[in-house]
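All remarks here apply to the structure that follows.
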Amino acid sequence: MLLENITFGVELEYSGISRYTANLAVVAALRELGLYRCHSDSFPFTATMTDGRVWRSVTDGSVSCGSEVVSPILTMAGNDMVLLQNIMRRLVAAGGRWAPDSGAGLHCHIGMQNWSDKQMLNLLKFMRKYERVLVSMVGTTERRESMWCRPMPGAVIDAVEAGKSRTEIARAQDGRYVGVNCRSLLTHGTVEMRFLEATGHAGKLRSQIELMLMVVRCPNPDEANRHGW
C-alpha cells in the first residue's frame with residue numbers, strides 16, 4: 001500500500017485558548033496557503049477549504065480548560081501535511097499549550113473504508129504485538145494511558161484472533177478510551193490511534209503521524225518479523 005493512498009484525520013487537543021481563537025488560527029493558516037473559502041454561520045468555529053473540506057474547533061472533556069481542532073480527511077499527497085504543520089504553528093503563536101498534566105493528546109484516525117477485513121485484521125494483530133513498543137516510542141504518559149488510552153482490551157484481542165468482522169470487533173470494545181480505538185469503526189469507519197502525545201512542535205507532530213502511517217503501510221506481521229521489528 002502506497003503511503004500517499006492512506007487516508008487519515010487528526011484531532012489536535014490543546015489548552016490555554018478558546019475555540020474562537022483556535023478557529024482564527026486555522027483560518028489564518030488556510031489563507032496563507034490560499035486554501036480558505038468560507039466559514040458557516042450555521043456551524044460556528046469551522047473553516048471550509050476551497051475543495052470543500054471542513055476544519056472544526058470543538059470542545060473536549062478530557063482536556064483541562066481546552067478544546068481540540070478536528071481535521072477533515074487528509075493524505076500525504078499535496079499540501080495537507082504542510083497545512084497541518086502551519087495550523088499547529090498558528091495555534092502555538094495564539095497561545096495554545098500542550099502541558100503533559102493538561103490531559104491533551106494527539107489522535108490519528110486511519111481510514112478503513114477501502115480496506116479488506118483481512119488487511120484490517122493484520123493491522124490490529126500488528127498493533128496488538130507492538131503496542132507497548134509504540135507507546136514507549138511516542139512517550140505516552142501513565143496518566144493518559146490509565147484514563148484516555150488504555151491498552152487493547154482482551155475482548156478485542158480475542159475477536160481479532162478469531163477473525164471476527166469489523167463490526168463485531170468494534171462492539172467487543174467497551175467505550176472509546178482505548179489506545180487503539182476500534183469503536184470508531186462504527187462511527188467514522190476508522191481505527192483511531194489515541195495514544196499519541198500532544199505537542200506544540202510541528203516537526204514532532206509530523207513524525208508521530210508518519211510513524212503511524214508507516215506502521216499502517218506494513219500491517220503484515222510476517223513482513224514485520226523479516227525487518228526485525
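Just a few scattered comments:
- Distance histogram for the range 73-208 (every C-alpha pair counted, 5 angstrom bins, percent rounded to whole numbers): 2, 10, 18, 21, 19, 16, 9, 5, 1, 0
- A crude spin-label estimate for the pair residue 49 and residue 146, with each label 7 Å from Cα along the Cβ direction, gives 3.9 nm.
- Distant-in-sequence amide contacts of residue 106, defined by a placed amide H-H separation under 5 Å and a gap of 5 or more residues or a different chain, comprise 196, 197, 198.
- Solution diffusion estimate, µm²/s, Stokes-Einstein, the chain, Kirkwood Rh from C-alpha pairs, 25 °C, viscosity 0.890 mPa s: 136 µm²/s
- If R0 is 45 Å, the Cβ-Cβ spacing of residue 201 and residue 114 corresponds to a FRET efficiency of close to 0.90.
- Under 23 Å from residue 129, Cα to Cα: lysines that are on another chain or at least 8 residues apart: 118, 164
- Accessible surface of the chain, 1.4 Å probe, proportion on carbon and sulfur as whole %: 51 percent
- Residue 40 paired with residue 167, simple spin-label distance in nm, labels 7 Å along Cα-to-beta-carbon: 2.8 nm
- The range 1-133: translational diffusion in µm²/s, Stokes-Einstein, Kirkwood Rh over Cα pairs, 20 °C, 1.002 mPa s: 134 µm²/s
- Relative contact order [Cα under 8 Å, 6+ residues apart], the chain, whole percent: 23 percent
- Alpha carbon centroid spacing (whole Å) that separates the range 9-84 from the range 175-207: 16 Å
- Take the Cβ atoms of residue 132 and residue 93, set R0 to 35 Å, and the FRET efficiency comes out at 0.50.
- With the convex hull drawn around the C-alpha atoms of the range 25-98, the volume per residue stands at 103 Å³.
- Of 130, 36, 20, the order by accessible heavy-atom surface (1.4 Å probe, DNA, RNA and ligands excluded), from most exposed downward, is 20, 36, 130.
- In the full protein context, the range 37-186 carries 47 Å² of accessible surface per residue, based on a 1.4 Å probe and ignoring ligands, DNA and RNA.
- A Förster radius of 25 Å, combined with the Cβ-Cβ distance separating residue 174 from residue 218, puts the computed FRET efficiency at roughly 0.30.
- The Cβ shell under 14 Å around residue 194 holds other residues with a net charge of -3, Lys and Arg each +1, Asp and Glu each -1.
The values are calculated or read from the model by the stated rules, or taken from the named source; none is laboratory data. Treat the numbers as computed from the prediction; the structure is a model and nothing was measured. Because the Cβ atoms are built from the backbone with ideal geometry, glycine has one as well, and the counts that use them run over all protein chains shown. Ligands, DNA and RNA are stripped out before the accessible areas are found, and what is left, the full protein with its side chains, is counted by its heavy atoms. Shrake-Rupley method; radii C 1.70, N 1.55, O 1.52, S 1.80 Å.
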